[in-house]
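The values are calculated or read from the model by the stated rules, or taken from the named source; none is laboratory data. None of these values were measured; they are calculated from a predicted model. Don't worry about glycine lacking a Cβ; one is built from the backbone with ideal geometry, like all the others, and counts go over all protein chains shown.
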Amino acid sequence: LESLDVERLREDFPILERELDGKPLVYLDNAATTQTADPVVDAMSDYYRRYNANVHRGIHHLSQEASIAYEEAHDRVAEFVGASGGREEMIFTKNTTESENLVAYAWGMRELGPGDEVVLTEMEHHASLVTWQQIAERTGADCTYIQIDETGRLDMDHARECITDDTAMVSAVHVSNTLGTVNPVSELVDIAHDHDALAFIDGAQAVPNRPVDVEAIDADFYAFSGHKMAGPTGIGCLYGKAHLLEEMEPYLYGGGMIRKVTFEESTWGDVPWKFEPGTPPIAEAVGLHAAVDYLEEIGMDRIRDHEEELAEYAYERLAAEGDIEIYGPEPGPDRSGLVGFNLESVHAHDLASIMNDHAVAIRAGDHCTQPLHDRLGVAASARASFYLYNTREEVDALVDAIDSARQLFA
Ligand code: PMP
């Protein structure tokens, strides 16, 4: 594959030209949120300037245009992740977290009961872990967790022990936002299906960075966020198999999601609208459509290769230091473009703060995976995460900034 013309791509992200205190910004917090591509901002601005109106097919011209754009965005995003059902399999939410909650409430509250098990992994983000914990508590179901091994991969033997005929739902993260592990999700889905359980895959860290085909994975539900894929905040996605979404009851109610309402009762509109009550994120959907066009034109396999190359370079440079503990698998096909680590002598928060003095933006904390950090035996970790516009020079800047931190604390 031809590598990315990063210098050219960086022109699409003017924020990257910023200098902080005279130092060029080095943005390595992409797992939290990526920068927004100019074509995305342009598409949203065009919507607000030319055809801003509420959707649900008002009679007037602007509403027609906005409705068509909003509906087509569903089809385009569905196509991007390999969902052949188009809009009938693609619900727009606020973010991955809301997508998780939608399934947990709409499906879980009705389907789960005492004796049922929800199987998660030890590397779940709080978005799924806390949500399923709560639903389990309310329904009398139990949560169990597939362990990770010492390399930061899932213990698949343990997965086969955890997933049984009592399992109703397997909820697993596709790519860990803390370890960078790329999980064998289609294998997990197969095990779930062997036991007549459903599988929910959290793809928040996968869809932005690699080709994803929800049908090849055979996931029943698959969630991701616009703001982690060069798109806008305020929009998330939930893919679901058409027959499941058809059968599911909504959990949020209001306008735009109904078919017929009387003083006594109401019936629901078609999927996805029955899960999208109220005025939806219209400009954001237009922006996400543009983001998907943008990413696809670059090529998801090239984006993946670029990020993996950077992560491997970062991994090697950090591993060579001797006083840095790196979490997750060694570079390879089951490791994504982020590196979580700790410097022996410096707390992750202090490290991030000193990096900030060098205009290097990384994240420090528990990354919404507190139980995983307990498992790793640390309270916090530092994380550098890469995207299509990052360079090897920025990895060097990261290592230099770590060096200054080490000297400061020596
Ligand atoms: N799951 C994973 C793996 C994530 O990395 C994140 C974002 N940190 C989320 C879920 C939640 O995404 P959002 O904040 O967009 O809901």
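A few comments on the model shown:
- On inspection, GLU72 does not qualify as within 30 Å of THR164 (Cβ to Cβ) and in a helix (DSSP H, G or I).
- Scanning the stretch 215-268 for residues that are within 16 Å of the ligand (Cβ to nearest atom) and among the β-branched types (Val, Ile, Thr), we see that the one that is nearest to LEU388 (Cα to Cα) is THR233.
Here's the yes/no breakdown for (1) at negative phi; (2) assigned by TED's automatic domain parsing to the domain that holds PHE275; (3) within 12 Å of the ligand (Cβ to nearest atom):
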{"position": "ASP116", "(1), (2), (3)": "yes, yes, no"}
{"position": "GLY152", "(1), (2), (3)": "no, yes, no"}
{"position": "ASN177", "(1), (2), (3)": "yes, yes, yes"}
{"position": "LEU188", "(1), (2), (3)": "yes, yes, no"}
{"position": "GLY203", "(1), (2), (3)": "yes, yes, yes"}
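- The residues of the stretch 366-410 that are in contact with a helix residue (DSSP H, G or I) (Cβ under 6 Å, 6 or more places away or on another chain), of a type in the set (S, T, N, Q) and either within 16 Å of the ligand (Cβ to nearest atom) or part of a helix (DSSP H, G or I) (or both) amount to a single one, SER381.
- Of all residues in the stretch 35-52, those being in contact with a strand residue (DSSP E or B) (Cβ under 7 Å, 6 or more places away or on another chain) and either β-branched (Val, Ile, Thr) or part of a helix (DSSP H, G or I) (or both) number 0.
- Meets criteria (modelled with pLDDT of 95 or more, part of a loop (DSSP other than H, G, I, E, B) and in contact with a strand residue (DSSP E or B) (Cβ under 6 Å, 6 or more places away or on another chain)) for ALA32: yes
- Selected residue (only one of GLN134, GLN147 is more than 25 Å from ARG210 (Cβ to Cβ) and either more than 16 Å from the ligand (Cβ to nearest atom) or not β-branched (Val, Ile, Thr) (or both)): GLN134
- Within the stretch 1-27, tally of residues that are of a type outside the set (Asp, Glu) and without any contact (Cβ under 8 Å) to a residue 40 or more places away in the chain: 5
- Test for GLY82: is it away from the ligand (no atom under 16 Å from the Cβ), closer than 30 Å to GLU307 by Cα, assigned to a loop (DSSP other than H, G, I, E, B) and not assigned by TED's automatic domain parsing to the domain that holds TYR315: yes
To keep it simple, each residue is scored yes or no on (1) assigned to a helix (DSSP H, G or I); (2) in the same structural domain as ASN95 (by TED's automatic domain parsing); (3) surrounded by 12 or more Cβ atoms within 10 Å (Cβ to Cβ); (4) out of contact with any Ser or Thr (no Cβ under 8 Å at 6 or more places or on another chain).
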{"site": "LEU252", "(1), (2), (3), (4)": "no, yes, yes, yes"}
{"site": "GLY256", "(1), (2), (3), (4)": "no, yes, yes, no"}
{"site": "LYS274", "(1), (2), (3), (4)": "yes, yes, yes, yes"}
{"site": "GLY278", "(1), (2), (3), (4)": "no, yes, no, yes"}
{"site": "VAL292", "(1), (2), (3), (4)": "yes, yes, yes, yes"}
{"site": "TYR313", "(1), (2), (3), (4)": "yes, no, yes, yes"}
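- All positions within the stretch 55-103 that are free of Cβ contacts under 8 Å to residues at least 60 places away in the same chain and of a type in the set (Phe, Trp, Tyr): none
- Qualifying residues in the stretch 190-201 (those that are buried (at least 24 other Cβ atoms within 10 Å of the Cβ) and farther than 30 Å from GLU325 by Cβ) - the one nearest to the ligand (Cβ to nearest atom): PHE200
- When restricted to residues that are of a type in the set (A, V, I, L, M, F, W, C), touching a residue at least 12 places away in the same chain (Cβ under 8 Å) and within 13 Å of the ligand (Cβ to nearest atom), the stretch 118-131 contains 4.
- Leading residue by the ranking (surrounded by the most Cβ atoms within 10 Å (Cβ to Cβ)) among those in the stretch 294-311 that are aliphatic (A, V, I, L, M) and under 11 Å from LEU388 (Cβ atoms): LEU310
- Qualifying residue in the stretch 28-35 (condition: touching a residue at least 40 places away in the same chain (Cβ under 8 Å) and more than 20 Å from the chain's Cα centre (by Cα)): no
- Any chance ALA230 is crowded, with 24+ Cβ neighbours inside 10 Å, touching a helix residue (DSSP H, G or I) at 6+ places or on another chain (Cβ under 7 Å) and on the phi > 0 side of the Ramachandran plot: yes
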